[in-house]
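Everything below concerns the one structure shown next.
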Amino acid sequence: IVGVLGCGGGVIGRYCDLPEEYPGVAHFHTVRINQPAGFYYTSTALRELMDIWDKYGSGLTNFHGSTGDLVLLGTQTDKLEPIFAETTAKGWDLGGSGSCLRTPSCCAGMSRCEFANIDTMEICDTLTHKFQDELHRPAFPYKFKIKVAGCANDCVAAIARADMSIIGTWRDTIRIDQAEVKNYAKSMDIKTEVTDMCPTHCMNWDGSTLKIGDKDCNRCMHCINRMPKALRPGKEKGATIMLGGKAPIVTGALMSWVIVPFMKLEKPYDNLEDLIRKLWEW
């Protein structure tokens with residue numbers, strides 16, 4: 001087991017079983033670096049980080065691990081502290097590894113997507129700072145992943161790959177522009193491509209007016225994806241909280257299930273922090 005002073009996570013020990021025959025990879029440790037929310041990097045920051053890695057490591061990287069994390073593959077034990085010192089001096093931090101909270105990750109959210117119902121990047125950054133101790137000092141019986149998606153399209157695969165999935169949604173009705181619906185009708189079969197594909201069959205198109213039974217709508221985003229100029233999420237926005245997703249190789253993906261259908265999420269996200277801590281205690 002290897003690591004850096006003060007942190008129990010972030011470094012994964014890798015050793016060769018034949019160090020005498022292959023001395024160059026006798027040690028080949030992995031260092032996980034906490035990625036920025038939304039996976040945004042500047043070219044300057046990446047060059048600085050790669051210069052450090054060329055100096056102390058193999059030069060091999062992985063963008064990104066299944067949780068997130070900028071993964072640096074291959075270094076020796078005596079190089080770990082210098083890597084940690086120089087990366088943190090540039091403003092980076094270690095990610096999670098082992099039986100701890102893994103590095104929270106999110107989609108690009110409101111920075112790129114007009115349909116994001118929550119500020120995924122701010123929520124991810126806030127949770128990362130709130131749970132620094134759980135990230136760096138493994139104290140759980142097993143790893144725990146949190147992912148934040150701006151809508152049910154789930155571009156960060158939270159539902160299938162995170163223990164806790166935070167999915168942006170809305171509580172009121174879908175906003176409809178009937179004039180734009182008619183424009184779509186000129187070039188597409190709305191019944192076949194939209195209303196018949198609704199998983200809850202809550203939509204009806206009579207050739208002139210689109211009607212949605214919002215009480216039965218499960219906010220899956222299909223109709224909005226097909227007609228983005230005509231349909232938009234409602235105005236009362238928040239998140240659905242889901243629990244239990246995993247992506248094990250042997251048994252296959254286990255999808256999350258809903259524990260909180262709707263929760264308002266506003267700074268400083270204390271209600272979300274309280275929920276997470278209660279789940280851990282439970």
Which of the GluC sites (Glu not before Pro) found in the stretch 20-53 are loop residues per DSSP with 10 or fewer other Cβ atoms within 10 Å of their Cβ? GLU20, GLU21
25 Å Cα-Cα reach of LYS55 towards lysines, excluding residues that sit fewer than 8 places from it in its own chain: LYS79, LYS90
Of every Cα-Cα pair in the stretch 175-232, the percent that sits beyond 13 Å: 54 percent
Under a plain spin-label model, where a point goes 7 Å from the Cα along Cα-to-Cβ, how far apart in nm are MET50 and VAL2? 2.4 nm
Could you state how much accessible area LYS267 has, in square angstrom rounded to the nearest 10, with a 1.4 Å probe and all protein chains kept in place? 150 Å²
Please identify which residues in the stretch 123-167 have an amide N closer than 18 Å to a label point set 7 Å out from the Cα of ASP214, following the Cα→Cβ vector. 152
What number, rounded to the nearest 500 deg cm²/dmol, is the helix-based mean residue ellipticity at 222 nm of the chain, given -39500 (n - 2.57) per DSSP H run of at least four residues and division by all its residues? -7000 deg cm²/dmol
Using mean projected area of the Cα convex hull in nm² as the read-out, say which of (1) 13.9; (2) 18.0; (3) 15.1 was calculated from these coordinates. (2)
Please list, in chain and number order, the residues 5+ apart from GLN35 or on another chain whose amide H is under 5 Å from its amide H, with Hs placed from the backbone. ASP69, LEU70
Express the relative contact order of the chain as a whole percentage, based on alpha carbon pairs under 8 Å and six or more residues apart in sequence. 15 percent
Surface accessible to a 1.4 Å probe, CYS100 within the full protein complex, Å²: 0 Å²
Answer in debye to the nearest 20: the dipole magnitude of the chain about its Cα centre, from +1 Lys/Arg and -1 Asp/Glu charges placed on Cβ, is 800 debye
Between THR169 and residues 5 or more places away or on another chain, the pairs with built amide H atoms under 5 Å apart involve GLY238, ALA239, THR240
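The values are calculated or read from the model by the stated rules, or taken from the named source; none is laboratory data. As the structure is a computational prediction, the values presented were derived from the model and not from experiment. Virtual Cβ from ideal backbone geometry, glycine too; neighbours counted across all protein chains shown. For the accessible areas, the whole protein counts, side chains as well, though only heavy atoms, and no ligand, DNA or RNA atoms are used. Shrake-Rupley method; radii C 1.70, N 1.55, O 1.52, S 1.80 Å.
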